[in-house]
Amino acid sequence: MSIRRDFPDLPPVWAAGTLGLQCIAAWLLPIRGFAADRIGWFLVATGLGLVGWAALKFRRHRTTIEPRETPAHLIVEGPFRINRNPIYPGMALMLVGFGAVLGTVSALLCAAIFSVIVTQRFIRGEEGDLRAAFGADADRYLDATRRW
């Protein structure tokens, strides 16, 4: 089972680690730039909804949601019409929301780190896996749809 093989190098673990880093940054560098609790919680809920919607598409298409696994289907509907990796922006949106709730610029900056890590560790490889599995169909989809 790949979750056991890849643990802890999985996107949700990186997101949780980033959240921990945000809390530490907000505590060590309390640069209060705003108080945006409501907006923050709205962003968290929106990100969670996006992650759930994308996960539901994986389930309905009976294909793997796990990074580094070979997909059985190329999903191009729902949130995948506008973004080829909707789970990652959903996680990033949740982290930006938590940064807003924490109310510090330093916590918001940590959310940017997550995007760089996920792009390097997961997205680039997943794009190669899609090309290997679906050839020209994947090329057309990747060319027409934004990464973030």
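Would you compute, from DSSP H runs of 4+ residues alone, the mean residue ellipticity of the chain at 222 nm, taking -39500 (n - 2.57) per run and dividing by the full residue count, rounded to the nearest 500?
On the way: 6 runs with 98 residues, N = 148.
Computed mean residue ellipticity for the chain: -22000 deg cm²/dmol.
How many Å² of accessible area per residue for the chain, probe 1.4 Å? Let's see the in-between values first.
Working: 8540 Å² over 148 residues.
Result: 58 Å² of accessible area for each residue.
For Ala72 and Trp41, the FRET efficiency from 1/(1 + (r/R0)^6), where r spans their Cβ atoms and R0 equals 30 Å, is about 0.25.
For the chain, what % of the accessible area comes from carbon and sulfur atoms, probe 1.4 Å?
Working: 5460 of 8540 Å².
After summing per-atom areas, the C and S share lands at 64 percent.
Using the Cβ-Cβ distance between His61 and Gln120 with R0 = 30 Å, the FRET efficiency computed as 1/(1 + (r/R0)^6) comes to roughly 0.70. What shape does the chain take by its C-alpha gyration tensor, where a ≥ b ≥ c are the square roots of the eigenvalues and a/c under 1.5 counts as rounded, a/b above b/c as prolate, and the rest as oblate? It comes out prolate by the Cα gyration axes.
The values are calculated or read from the model by the stated rules, or taken from the named source; none is laboratory data. Everything numeric in this text was worked out from a predicted model, so none of it was measured. We place every Cβ from the backbone using ideal geometry, glycine too, and count neighbours over all the protein chains shown. The protein model used for the area step is the full one, side chains on, heavy atoms only, and it has no ligands, DNA or RNA in it. Shrake-Rupley method; radii C 1.70, N 1.55, O 1.52, S 1.80 Å.
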